[in-house]
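Report on one structure; see the data block that follows.
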Amino acid sequence: MAVFQQANWRGPVPNCNAGGMVRPFQGLVLHIEVGTESGTDSWFHDPSSQVSAHFGNPKSGGLDQWVDTNDVAWAQVAGNSSWISLENEGNPGDSLTASQLSNAATLLAWLNLTEKISMQLAETPSDTGLGYHAMGGAAWGGHTSCPGQPIIDQRAAIVAAAQNLVSDPIVSAVSPATGAAGDAVTITGSHFTFATSVGFGNTSATQMSVDNDSQITATVPTGSGTVDVVVTTLVGSSATSAADQFTYTG
């Protein structure tokens, strides 16, 4: 099952085809819901609607996911099997909120890391990267006002934000910098969004949570002496420095 761990799973929905996605994917398509996230969720769960999308992007809060990215969502007709779809809460003419832009960038960066989707603008169905529903014309259902010009114009900002996320992590501080196994520490730095583990020397933290792109909370594992705290993400691992050291006491 291909589910984005940072999205709220809202599936399964009846309006999709199991399997069938053609890899490599062409890109990510932006849509507009012409309504609310809750209304769209209800509509996608109604078999009579005959529509769905892979992801939903509310005006505030995190992403939703309705369809596994291995499965074909019914979002842009001829483009269904080769494009991942993202519905944005709102109406044609709306701009994305700051939260929606950040969510879209995070999704695009994740798709780049896991599916090699290009972080560039797509203007036609034959391009790769970040596209929009209207570019598909009649073959994509003729939705000429979806998602609307303001969102189309925000794609460059989405791509730039996504590119910033796809960088090696950097650890700038560990607080507290001394302690014992079982203690909670806060790791600050940058590019932590896609963190998969935190190492204290050669031992992984027993628990970790990514609070945001610049902060991780981790539980210190068993160890001794002074060790480097290394964050590993889907991109790579942080380089060691004096700023990342943790000293065991007791």
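The values are calculated or read from the model by the stated rules, or taken from the named source; none is laboratory data. Remember, it's a predicted structure, so these values are computed and weren't measured experimentally. Positions of Cβ are backbone-derived with ideal geometry, glycine not excepted, and every protein chain shown enters the neighbour counts.
Of the residues making up segment 36-84, those that are among the hydroxyl-bearing types (Ser, Thr, Tyr) and in a loop (DSSP other than H, G, I, E, B) are 36, 52, 60, 69, 81, 82. All told, residue 186 falls short of being touching a Leu at 6+ places or on another chain (Cβ under 6 Å) and β-branched (Val, Ile, Thr).
Pick from 40, 36, 97: which is in contact with a strand residue (DSSP E or B) (Cβ under 8 Å, 6 or more places away or on another chain) and either assigned by TED's automatic domain parsing to the domain that holds residue 137 or under 20 Å from residue 121 (Cα atoms) (or both)?
Result: 40 is the single residue among 40, 36, 97 that is in contact with a strand residue (DSSP E or B) (Cβ under 8 Å, 6 or more places away or on another chain) and either assigned by TED's automatic domain parsing to the domain that holds residue 137 or under 20 Å from residue 121 (Cα atoms) (or both).
Checked against the criterion of being in contact with a Leu (Cβ under 6 Å, 6 or more places away or on another chain) and at pLDDT 95 or above, the candidates 101, 113, 96 yield just one match: 113.
Taken as a whole, the condition of being touching a residue at least 12 places away in the same chain (Cβ under 8 Å) and over 19 Å from residue 106 (Cβ atoms) does not apply to residue 214. Residue pairs whose Cβ atoms lie under 7 Å apart, separated by 6 or more positions or on different chains, with the first residue in segment 74-88 and over 25 Å from residue 59 (Cα atoms) and the second of a type in the set (S, T, N, Q) and assigned to a loop (DSSP other than H, G, I, E, B), are 82/26.
Sub-7 Å Cβ pairs linking a first residue in segment 229-247 that is in contact (Cβ under 8 Å) with a residue 24 or more places away in the chain and in a loop (DSSP other than H, G, I, E, B) to a second residue that is among the acidic types (Asp, Glu) and surrounded by fewer than 20 Cβ atoms within 10 Å (Cβ to Cβ), at least 6 apart or interchain, are 235/168; 236/168; 238/168, ordered by first then second residue. The residue pairs whose first member lies in segment 139-161 and is under 23 Å from residue 110 (Cβ atoms), whose second member is of a type in the set (Phe, Trp, Tyr) and crowded, with 22+ Cβ neighbours inside 10 Å, and whose beta carbons are closer than 6 Å, counting only pairs six or more residues apart or on different chains, are 147/132; 152/132. Quick check: is even one residue across segment 154-165 in contact with a strand residue (DSSP E or B) (Cβ under 7 Å, 6 or more places away or on another chain), farther than 30 Å from residue 33 by Cα and not hydrophobic (A, V, I, L, M, F, W, C)? Within segment 154-165, none of the residues are in contact with a strand residue (DSSP E or B) (Cβ under 7 Å, 6 or more places away or on another chain), farther than 30 Å from residue 33 by Cα and not hydrophobic (A, V, I, L, M, F, W, C). Screening 108, 113 for residues that are of a type outside the set (Phe, Trp, Tyr), assigned to a helix (DSSP H, G or I) and touching a strand residue (DSSP E or B) at 6+ places or on another chain (Cβ under 6 Å) leaves exactly one candidate, 108.
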